[in-house]
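The values are calculated or read from the model by the stated rules, or taken from the named source; none is laboratory data. Treat the numbers as computed from the prediction; the structure is a model and nothing was measured. Methodologically, a virtual Cβ is constructed for each residue, glycine included, from the backbone with ideal geometry; neighbour enumeration extends over all protein chains shown. Ligands, DNA and RNA are stripped out before the accessible areas are found, and what is left, the full protein with its side chains, is counted by its heavy atoms. Shrake-Rupley method; radii C 1.70, N 1.55, O 1.52, S 1.80 Å.
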Protein chains: 2
Amino acid sequence: MSKKPSLPKGTRDFGPEQMFKRNFIIETIKKVFEKYGFMPLETPAMENLSVLTGKYGDEGDQLLFRILNSGDFLSKTQPADFEEGTKSLVPKISEKGLKYDLTVPFARYVVMNRNDITFPFKRYQIQPVWRADKPQKGRYREFFQCDADIVGTDSLVCEAELLAMVQEVYKCFAFDAYSISISNRKILEGIAEVCGAKEEFSRFCVILDKLDKIGKEKVFDELALLGLNKQSLHRLDQILALSGNNVEKLDALLSLLNESEIGQKGIAETRETLDNLSLLGFLTDKVLVDFTLARGLSYYTGMIYEVKPTTIKMGTITAGGRYDNLTGVFGLEGISGVGISFGIDRIYDTLEELNLFPQAKARYSKLLIVSFDDAAQKHSLNLLSKLRAAGISAELYPEPAKLKKQLGYADKKGIPYVLLVGSEEMKNLQYTLKYMETGNQDSFSIEDVIKHLLEETN
Amino acid sequence: MSKKPSLPKGTRDFGPEQMFKRNFIIETIKKVFEKYGFMPLETPAMENLSVLTGKYGDEGDQLLFRILNSGDFLSKTQPADFEEGTKSLVPKISEKGLKYDLTVPFARYVVMNRNDITFPFKRYQIQPVWRADKPQKGRYREFFQCDADIVGTDSLVCEAELLAMVQEVYKCFAFDAYSISISNRKILEGIAEVCGAKEEFSRFCVILDKLDKIGKEKVFDELALLGLNKQSLHRLDQILALSGNNVEKLDALLSLLNESEIGQKGIAETRETLDNLSLLGFLTDKVLVDFTLARGLSYYTGMIYEVKPTTIKMGTITAGGRYDNLTGVFGLEGISGVGISFGIDRIYDTLEELNLFPQAKARYSKLLIVSFDDAAQKHSLNLLSKLRAAGISAELYPEPAKLKKQLGYADKKGIPYVLLVGSEEMKNLQYTLKYMETGNQDSFSIEDVIKHLLEETN
């Protein structure tokens, strides 16, 4: 019983200091989401395994956390099941799992509530998800996703709004050292088409996606093995070599893809998205058209984009794209949408590394009342009631402990002011207000203390 | 694959309307917690079973959701384990469970971080917990707890602060039809002592706790079986019959418990708590001293209290008490604390039943721009950028759909204003602003629309 307790591998506690910073990120993103008309949704931690399995590929299925049926979970099993091993046993002893992402539960919600939802439906969702991944630096078994999607419309206004939200959120963090790479799955399809790889599109994407990792030469070797001839590889080389600003690149690509209808459509969509973004009052030069961008997830069908810091090594901090068939797996066809996902953990690390969190310590209380005996404690309760009635977060050190101990408490908790209440102070109704950072102190009535603190807040 | 998806039994989705109301409750409570100097903590959904089991009694253990070990979960099992049944099998195939309450994970956190925590430690925690209970009306398998605790001090200032927070929170909800019953475990011990039931204290409490359910006569029958003689039952009868205000009841009890030192201590603590509450500026007549209050949980050692609505049937909506040994199960002795728990689901139902939620629909957007063709859409993007730059939550219906459809969208989403943008409006730069509730409309420049909406917000 008295063994030292521990946390499950890959999970974390968030204490007050981390919560302060995480809430700063989450509240900021929430405000932007709501400013753009997105509404919150929360779904349960547990989903039926019939909802989860088969949606994330074989690898994903293996990373699902499964919940043992309650009660006599062996009741549906037979001795033979154990001999056959885990795969045959699992469905008989486990019917539920922890959610693996926010997208599949969202799709389930849309299908279950399709008669009550007003489309286009703009929802955001900020919740933890769970994956039985091997824990390592920056990869956790419980982590938060922060998604917003617009479903039920294919208007390209939505694409631009998401790119605008990226810029609004990062502006709130005073973080500017990032770039947004965008492309369009239809452009990729066009490239595959003119390279003669139309039939092998998904393998073509997988290979192209490795450009960053293995370099152009090896990618071209693999594409040759896939069946691309020299002429095709030459054409691809031309496309990858396109340079200039976004307009110039898109213009040049238009002529290289002039045989591909879908490619042309992708280019037109990208142009319109950038135009819309500009009309929304945002800079398009934060956005870089990048024809090598493939994004792993095969369900994207239109715009795809990724945001990365430019001055530190951090990987993708925000990403998303358009998909044509969110709810098809649940039998509801034709629900198109476009989404965004902010990576809260990486944003946290980015702001930390660049020292962009608000400088204040986690200040939950503005003032601590320090008292030295029981009479002063009683007197202080009345002061406390006045401070709080004025809307000031304040607390009383609950025991008449030594001054050093009480000041140490204020210091460690990041409380900026202390109010000293001793017998002299009680007699004169003038209390010593001490500013912790400088050690400066002066005497005030409680009314003046309140006035001072309220002025300082404004 | 296309089978209709469903939710696991006893779990819920929270759509925008419910989220609006739930967030209203949670944000209000959070603000009060922080005003009183409590700081947030979040712990993972999963805990090691070694942390959870044995903390909630046998029944609690059975209600834990257990997570199947990932990978080859059969690797530690032998054929004999299956024959012996679930009990012997569980520990070999499952090492983690979902948290059952917030108290045990909090105790684990305190023990693991005891060298970094500044005591007294005031933390609040608002998170879901999971129990494999039989779902029924008002009882869910995933539900939220909302706790605040002060640990590491036995100052009775803390008791009063919690009772003050009850009153502050419910005042924010404009909800006054409730009463707070308080007692003290030491008073109960004193009563048991003078009734000769000191050695059977916990069974004495369990029986007394049934007063509401089975009535005095049956309770007295059971107490007689426990060994209480006629004289003791007579004395108990006198205690239960005490009437008058809090001071009168405590005075009368003091003489009835004059042989019990612990009973006297309980009375003194209760008096001081009420005095402190009064010094904090709160009404003590919201608080009713109730000597029959027992509270099920055996770990309480000082003040215990419960809050119930008085005009509707709802059960306990807030409760808590003082405990002496939060972390003893994890080998850290002597950490005393006192806590409060708000029942969010029942508060939700209470505010709903009494019609106390803010009257507005879930308003996430303040204004919808309605446009009728592609040119108006483009024009509207620029208007949208001005509205948002002014801090107004606004959106554009992303397609130039029929007027009726766009107005229906605003109506269903509870958006109070729409701005109509047609060719005439674009020419004159005067847009029709329509107030949905009344249907009133008038023409304004975008600057005047912004001014109007900002004024209305203030």
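Approximating the spin labels as points 7 Å out from Cα along Cα→Cβ, the B:LYS412-to-A:LYS451 distance works out to 5.6 nm. Ignoring aspartates and glutamates fewer than eight residues from A:LYS413 along the same chain, the ones with Cα atoms less than 17 angstrom from its Cα are A:GLU17, A:GLU395, A:GLU399, A:GLU437, B:GLU34, B:ASP116, B:ASP149.
Peptide A:381-392: average number of partner chain Cβ atoms within 10 Å per residue? Walk me through the numbers on the way to the answer.
Working: counts 11, 4, 1, 8, 6, 1, 1, 9, 2, 0, 2, 1.
Partner-chain Cβ atoms within 10 Å, mean over residues of A:381-392: 4.
Contact residues in the stretch A:135-168 by the 50 Å² criterion (accessible area, 1.4 Å probe, full protein complex versus chain alone): A:VAL157.
Averaged over peptide B:395-406, the number of partner chain Cβ atoms lying within 10 Å of each residue's Cβ comes to 4.
Provide the FRET efficiency to the nearest 0.05 for the A:GLU352-A:ASN440 pair, computing r from the beta carbons and using R0 = 30 Å. Don't jump to the answer; show the numbers that get you there.
Working: r = 31 Å, r/R0 = 1.02.
Given R0 = 30 Å and the Cβ-Cβ separation, E is 0.45.
In this Cβ point-charge picture (+1 for Lys and Arg, -1 for Asp and Glu), the stretch B:416-458 has a dipole of about 120 debye about its Cα centre. The lysines whose alpha-carbon is closer than 18 Å to the alpha-carbon of A:LYS134, local same-chain residues fewer than 8 away aside, are A:LYS9, A:LYS99, B:LYS96. Taking the stretch B:46-98 on its own, what percent of its Cα-Cα pair distances exceed 19 Å? When every Cα pair of the stretch B:46-98 is considered, 28 percent fall beyond 19 Å.
Per 0.36 nm of contour for each residue apart, how much would the distance between A:PHE175 and A:GLN62 grow if the chain were fully extended, relative to their Cα-Cα spacing?
Taking 0.36 nm per residue and subtracting the Cα distance, the gain is 37.0 nm.
Between A:LEU254 and A:ALA389, the distance separating the two model label sites (each 7 Å from Cα on the Cα→Cβ line) works out to 7.1 nm. In chain A, helices alone account for a calculated mean residue ellipticity at 222 nm of -13500 deg cm²/dmol, with every DSSP H run of four or more residues adding -39,500 (n - 2.57).
Computed over the protein assembly as shown, the range of Cα coordinates on each principal axis works out to 104, 75, 54 Å, biggest value leading.
When A:ASP251 is represented by a point 7 angstrom out along its Cα-to-C-beta vector, the spacings to that point in the other copies are 9.6 nm, nearest first. Amide H to amide H distances under 5 Å link B:GLN145 with B:GLN127, B:VAL129, where only residues 5 or more positions off or on other chains count and H is placed in the peptide plane. For the stretch A:313-355, a reduction of at least 10 Å² in accessible area between the chain on its own and the assembled protein chains (probe 1.4 Å) is found at A:VAL329, A:PHE330, A:GLY331. Label positions at B:GLN359 and B:ASP133, each projected 7 Å from the Cα along the C-beta direction, are separated by 3.6 nm. With a 10 Å cut-off around each Cβ of B:15-26, the average count of Cβ atoms from other chains is 3.
Taking the Cα centre as origin and putting +1 on Lys and Arg beta-carbons and -1 on Asp and Glu beta-carbons, what dipole magnitude results for the protein assembly as shown, to the nearest 20 debye? Present the calculation step by step, with values, prior to reporting the outcome.
Values: 118 positive and 128 negative charges, 136 e Å.
The dipole magnitude comes to about 660 debye.
At a probe radius of 1.4 angstrom, the accessible area of chain A per residue rounds to 44 square angstrom. Here is the interface size for A with B: some 8800 Å² of accessible area buried, both sides summed, with a 1.4 Å probe. Sorted from shortest to longest, the distances between the A:LEU356 label points of this copy and the other copies are 4.2 nm, with each point 7 Å from Cα along the line through the beta carbon.
Please grab the % of Cα pairs in the stretch A:367-457 that end up more than 19 Å from each other. Cα-Cα pairs in the stretch A:367-457 separated by more than 19 Å: 31 percent. Summing +1 for each Lys or Arg and -1 for each Asp or Glu among the other residues whose beta-carbon sits under 11 angstrom from that of B:ALA390 gives +4.
Pair-distance distribution of chain B: all C-alpha pairs, bin width 20 Å, starting at 0; shares per bin in whole percent are 19, 41, 27, 11, 1.
Here B:LYS216 is the anchor, and the lysines within straight C-alpha reach of less than 16 Å, apart from those fewer than 8 places off in the same chain, are B:LYS230. Checking the cross-link pairs A:LYS122/A:LYS171; A:LYS308/B:LYS434; A:LYS30/A:LYS137 against a 30 Å limit on the alpha carbon distance flags A:LYS308/B:LYS434 as lying beyond it.
Taking 45 Å as R0, compute the FRET efficiency from the Cβ-Cβ separation of A:SER6 and A:ALA224 and round it to 0.05.
Working: r = 52 Å, r/R0 = 1.15.
So the FRET efficiency works out to roughly 0.30.
With 28 Å as the limit, write out which pairs from A:LYS31/B:LYS286; B:LYS87/B:LYS186; A:LYS87/A:LYS210; A:LYS31/B:LYS451 have Cα-Cα distances beyond it, or answer none.
Values: A:LYS31/B:LYS286 38 Å; B:LYS87/B:LYS186 39 Å; A:LYS87/A:LYS210 33 Å; A:LYS31/B:LYS451 21 Å.
Result: A:LYS31/B:LYS286; B:LYS87/B:LYS186; A:LYS87/A:LYS210 exceed 28 Å.
Couplings for the stretch B:380-388, taken from phi via the Karplus curve 6.51 cos²θ - 1.76 cosθ + 1.60 with θ = phi - 60°, read 5, 4, 5, 5, 4, 5, 5, 4, 5 Hz in order; Gly and Pro are left as x.
How much net charge surrounds A:ILE214 when only the other residues with a Cβ under 14 Å from the Cβ of A:ILE214 are counted, with Lys and Arg +1 and Asp and Glu -1? Within the 14 Å Cβ shell, the charges total -1. Multiplying the residue separation of B:ASP324 and B:SER50 by 0.36 nm and subtracting their alpha-carbon distance yields 96.4 nm.
For chain A, the share of accessible area belonging to carbon and sulfur comes to 49 percent (1.4 Å probe, ligands and nucleic acids excluded).
Placing unit charges on C-beta atoms (Lys and Arg positive, Asp and Glu negative, everything else neutral), compute the dipole magnitude of chain B about its Cα centre in debye, rounded to 20. Please report the intermediate quantities before stating the final value.
Numbers: 59 positive and 64 negative charges, 284 e Å.
Charge dipole of chain B: 1360 debye, to the nearest 20.
The string of couplings for the stretch A:21-27 from the Karplus curve (6.51, -1.76, 1.60, θ = phi - 60°) is 6, 4, 5, 4, 5, 5, 5 Hz, one whole number per residue in order, with x for Gly and Pro. Take each peptide in A:392-400, A:242-250, A:286-294, B:199-207, count the other Cβ atoms within 10 Å of every residue, and average; sorted highest first, the result is A:392-400, A:286-294, B:199-207, A:242-250.
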